[in-house]
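Comments concern the structure below.
Only the coordinates and a few stated rules stand behind these numbers; no lab work does. None of the values given here were measured: they were computed from a predicted structure. Here the Cβ is made from the backbone with ideal geometry for all residues, glycine too, and neighbour counts use every protein chain on show.
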Amino acid sequence: MLRSFLKLRKKRNLRLRELYSYLIGVISQVSREAKAEAKWIIEEVFENKFDFLILENPEVSKELSRIHNIVERRVKDRIPLQYIFKKAFFFGFEIYVDERVLIPRYDTEVVVEYVLNTFNGKVVRWLDLGTGSGAIALVLGKHLNGFGVASDLSMDALRVARRNLTKYGVKVPLLRADVLSAFKESCFDLILTNPPYISYKERLNLSPEVLSEPPSALFGGEFGHELTERILSESLRVLVPGGSIIIETSPMCFEALQRSEEWNFFILTKEIYDLSGELRGIHLVRKS
């Protein structure tokens, strides 16, 4: 990669379109989203929209040094662009992220959109459990009626969440808590959570990019479903009768939950699928 970049730098009057093609070729070695990532790099470096830049096709020699540093970190070190640029996008919001928190993903947007549609117009007391970057709390605080709280065991994550909530003027209390132990009985109408649900034995199958994220946000136990089962168990105490818990999960974790004792205390209201037909979440209602 370094040699090809040095050859690129020696070219006279190098234009953006040629640089874009080069970036796609290099990034495709490590990513299925090479075109999107190449566009993002160009927009960040040139501080303008890609569509405008590609039409203008400016000379790019002055920016090559910075671009090389970005590409080297992305391809050689396998660092996600979100961590390199310290930002991610979630529900139209630009979210600050770094290695202290999980990178917000579109899959989670599908679950959050379901929540907003389901509870639209209702006044609810809600909890974003395991808030991480605060992305979910930000969206719920902006669009959901009622009162909300966001919690996480990690103080580092809470600091990132506070930064994002403050940026957009969303006043959601943040609380350091180990799952639901800090909350009173029957204090929530709704719990929304994206807990870690990957098993430890799956570590070898994960990409270096995923493994750069906090392990506590990835691994849910030896088999992956242990933490989700604990959340389900403790939610029986803090949810009101008829209250909802909406969990982002995997098909494997979902199957394990259905075999748990806690499952008998809930009614499965909805299985939430993404556009590709993959299970992304479940909506459970606590039996009265």
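Count charges around G242 for me, please; just the other residues with Cβ under 10 Å from its Cβ, Lys/Arg as +1, Asp/Glu as -1.
Details: positive: R286, K287; negative: D189.
Once positives and negatives cancel, what remains is +1.
In whole Å, what are the extents of the chain along the principal axes defined by its C-alpha atoms, from largest to smallest?
That works out to 73, 41, 34 Å along the principal axes.
Normalise the Debye intensity by I(0) for region 27-102, one equal point scatterer per Cα, no solvent, then take log10 at q = 0.16, 0.27 Å⁻¹ and round to two decimals.
Rounded to two decimals, the profile gives -0.64, -1.42.
Under a point-charge model restricted to the Cβ atoms of Lys and Arg (+1) and Asp and Glu (-1), what is the dipole moment magnitude of region 21-118 relative to its Cα centre, in debye to the nearest 20? Display every interim value, and only then the final one.
Details: 14 positive and 17 negative charges, 69 e Å.
Result for region 21-118 is approximately 340 debye, rounded to the nearest 20.
Quick one: net charge of G134's neighbours, Cβ under 14 Å, K/R +1, D/E -1?
Numbers: positive: K87, R100, K142, R159, R162, R163, K167, K171, R176; negative: E94, D98, D128, D152, D156.
Residues near G134 contribute +4 overall.
When the dipole is taken about the Cα centre of region 128-200, and only Lys, Arg (+1) and Asp, Glu (-1) are charged at their Cβ, what size is it in debye, to the nearest 20?
Numbers: 8 positive and 6 negative charges, 82 e Å.
For region 128-200, the charge dipole is close to 400 debye.
Which lysines does K62 reach when only Cα atoms under 29 Å apart count, and residues fewer than 8 places away in its own chain are ignored?
K7, K10, K11, K35, K39, K49, K76, K86, K87
What list of ³J(HN,Hα) values in whole Hz, one per residue of region 178-183 in order, does the Karplus curve 6.51 cos²θ - 1.76 cosθ + 1.60 (θ = phi - 60°) give from phi, with Gly and Pro shown as x?
8, 6, 10, 5, 8, 10
Evaluate the distance, in nm, between pseudo-label points positioned 7 Å from the Cα of S260 and of E72 along their respective Cα→Cβ axes.
4.6 nm
With the chain treated as a Gaussian network of Cα nodes joined by springs under 10 Å, which of L138, L102, L23 yields the largest mean-square fluctuation?
L23
Counting helices only, and only those DSSP H runs with n ≥ 4, report the 222 nm mean residue ellipticity of the chain as the sum of -39,500 (n - 2.57) divided by its residues, in deg cm²/dmol to the nearest 500.
Result for the chain: -11500 deg cm²/dmol, rounded to the nearest 500.
What shape does region 120-270 have by the C-alpha gyration tensor, where a ≥ b ≥ c are the square roots of the eigenvalues, rounded means a/c under 1.5, and otherwise prolate means a/b greater than b/c and oblate the rest? Intermediate results must be reported in sequence, preceding the final value.
Numbers: a/c = 1.92, a/b = 1.12, b/c = 1.71.
It comes out oblate by the Cα gyration axes.
Looking at region 38-72, which GluC sites (Glu not before Pro) are DSSP coil and have at most 15 other C-beta atoms within 10 Å of their C-beta? Can you show the working numbers first?
Details: sites: E43, E44, E47, E56, E59, E63, E72; in loops: E47.
Of the GluC sites (Glu not before Pro), the ones in loops of region 38-72 whose Cβ has at most 15 other Cβ atoms within 10 Å are E47.
Give the lysines reachable from K122 as a straight Cα distance under 16 Å; neighbours fewer than 8 places away on the same chain don't count.
K142
Give me the dipole magnitude in Debye, nearest 20, for region 2-77 about the Cα centre, with unit charges on the beta carbon: positive for Lys and Arg, negative for Asp and Glu. Working shown, then result.
Details: 17 positive and 12 negative charges, 100 e Å.
Charge dipole of region 2-77: 480 debye, to the nearest 20.
Region 26-55 to region 94-108: how many Å between their Cα centroids?
19 Å
Mind listing the Cα extents of region 74-180 along all three principal axes, in Å, largest one first?
Extents along the principal axes: 49, 27, 24 Å.
Running a GNM on the chain with Cα contacts under 10 Å, which residue among V45, V110, V170 ends up with the highest mean-square fluctuation?
V45
Give me C187, C253 sorted ascending by neighbouring Cβ count inside 10 Å, so fewest comes first. Kindly include the intermediate steps, with their values, before the conclusion.
Values: C187 15, C253 27.
Ascending number of Cβ neighbours within 10 Å: C187, C253.
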